[in-house]
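Asks: I have a structure here, written as structure tokens, and I will follow up with some questions on it.
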């Protein structure tokens, strides 16, 4: 394939043009996935590149009272029983492999939030801010990749990757920090991955020709972001780092350890991506909105996949010496009601619930906070999305005094200016 000259720097374009060309950039990224070279398994580029975070996102609102804060023998407790773990905590009997890794993880049992709507709760837990009509806040992935990317001078692939589903966007930080979304096989959704090199070159040239017609027009502030997206796309064409998406290159026993399912492959891909220097990866496991038949759904479907994939990820990171620099966050948008409803399910519940964190120097093997005997309220202090985000930022060495400026000129403190969860440090 012929070399591709650097993209011209545009001076402006309208929103419609920008968005259509971001789609074109994504298509080129998809083609680049198919054209990437072979990773050198033991080369330096495969080794960890400083701090990173992996968010295991449980869309739908997992029932943490049945997973990480069980209430056996109570009317709200349900049929599952707690088991001992490698840490100083007990968790659900249907998570035996995670139980063996709990000396590396901790549970925050006193989360208390107010957003019990899926859309609002997802936004809040991803950003640390409640939705507002006049400002779009950046998500975990955008903030962390923005703060850590400067130290990854050899990173050629996107710094924020979401596997198995979308994530919240970059808000006022701009499209350069938007999530790059792939499925668990590394494919970009709705794209042709089989483009030949010559055809790809021709497409790039055609896109550049179209772009040149607009770059001399001053149509708004989106142009610089667009140019950055396109240039990053072109830089990927021959990058060996694209092979990190190819989990099928892993030994069979490794793939089996993670699990032959979308979540397991996503967790394995997350490890590969962090290993080559990607600062933030999100892995999606949905299906937690269990308003009915919750216990067989958890026992037979959600928990086996979660148990295998998450435990393999934590174990693998630890064995490779990467966990000390990689924060792992397990959470959804809220928990589920202590009360079991008439359909043998649990409904939305944000008043008291749990998240799980580990790695990056966070204190392992403990439970922070507690709920009362029937799980209906937090006893003592509680923590919010902002506190959790501040905790992860601090663990990653990101200054909590960091202040961004929104597009309207408003100063925005990182993690909404919240304090971290101090029990997880020291």
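Asks: Enumerate the pairs (first residue in the range 95-122 and under 12 Å from residue 335 (Cβ atoms); second residue anywhere and surrounded by fewer than 17 Cβ atoms within 10 Å (Cβ to Cβ) and at pLDDT 95 or above) with beta-carbon separation below 6 Å, excluding pairs fewer than 6 apart on the same chain, so at least 6 apart or on different chains.
Replies: Cβ pairs passing all conditions: 109/370.
Asks: Only one residue in 360, 327 is part of a loop (DSSP other than H, G, I, E, B), in contact with a strand residue (DSSP E or B) (Cβ under 7 Å, 6 or more places away or on another chain) and modelled with pLDDT of 95 or more, so which one is that? Spell out how you get there, then give the answer.
Replies: Details: 327 fails: part of a loop (DSSP other than H, G, I, E, B).
When all the criteria are applied, what remains is 360.
Asks: Evaluate the following for residue 346: is it surrounded by fewer than 23 Cβ atoms within 10 Å (Cβ to Cβ), at pLDDT 95 or above, part of a loop (DSSP other than H, G, I, E, B) and more than 17 Å from the chain's Cα centre (by Cα)? Walk me through how you get there before you give the answer.
Replies: Details: surrounded by fewer than 23 Cβ atoms within 10 Å (Cβ to Cβ): no; at pLDDT 95 or above: yes; part of a loop (DSSP other than H, G, I, E, B): yes; more than 17 Å from the chain's Cα centre (by Cα): yes.
So residue 346 does not fit the description; no.
Asks: Give the number of residues within the range 369-404 that are surrounded by fewer than 22 Cβ atoms within 10 Å (Cβ to Cβ), touching a strand residue (DSSP E or B) at 6+ places or on another chain (Cβ under 6 Å) and either assigned to a strand (DSSP E or B) or at positive phi (or both).
Replies: 6
Asks: Something else now. When only residues in the range 405-426 that are part of a loop (DSSP other than H, G, I, E, B), exposed (fewer than 14 other Cβ atoms within 10 Å of the Cβ) and in contact with a strand residue (DSSP E or B) (Cβ under 9 Å, 6 or more places away or on another chain) count, which is modelled with the highest pLDDT?
Replies: Restricting to residues being part of a loop (DSSP other than H, G, I, E, B), exposed (fewer than 14 other Cβ atoms within 10 Å of the Cβ) and in contact with a strand residue (DSSP E or B) (Cβ under 9 Å, 6 or more places away or on another chain), the top hit is 410.
Asks: If we keep just the residues of the range 52-104 that are in contact with a helix residue (DSSP H, G or I) (Cβ under 7 Å, 6 or more places away or on another chain) and within 30 Å of residue 150 (Cα to Cα), which is surrounded by the fewest Cβ atoms within 10 Å (Cβ to Cβ)?
Replies: 104
Asks: Need a quick list: helices (runs of 4 or more DSSP H) entirely within the range 243-297 having at least 3 residues that are surrounded by 22 or more Cβ atoms within 10 Å (Cβ to Cβ) and under 22 Å from the mean Cα position of the chain (by Cα). Walk me through how you get there before you give the answer.
Replies: Details: elements: 252-258, 262-275, 294-297.
Of the helices (runs of 4 or more DSSP H) lying wholly inside the range 243-297, those with at least 3 residues that are surrounded by 22 or more Cβ atoms within 10 Å (Cβ to Cβ) and under 22 Å from the mean Cα position of the chain (by Cα) span 262-275.
Asks: Being modelled with pLDDT of 95 or more and within 11 Å of residue 278 (Cα to Cα) is the filter; apply it to the range 123-158 and report the residue that is surrounded by the fewest Cβ atoms within 10 Å (Cβ to Cβ).
Replies: Restricting to residues being modelled with pLDDT of 95 or more and within 11 Å of residue 278 (Cα to Cα), the top hit is 148.
The values are calculated or read from the model by the stated rules, or taken from the named source; none is laboratory data. Keep in mind the model is a prediction, meaning the values are calculated, not measured. Virtual Cβ from ideal backbone geometry, glycine too; neighbours counted across all protein chains shown.
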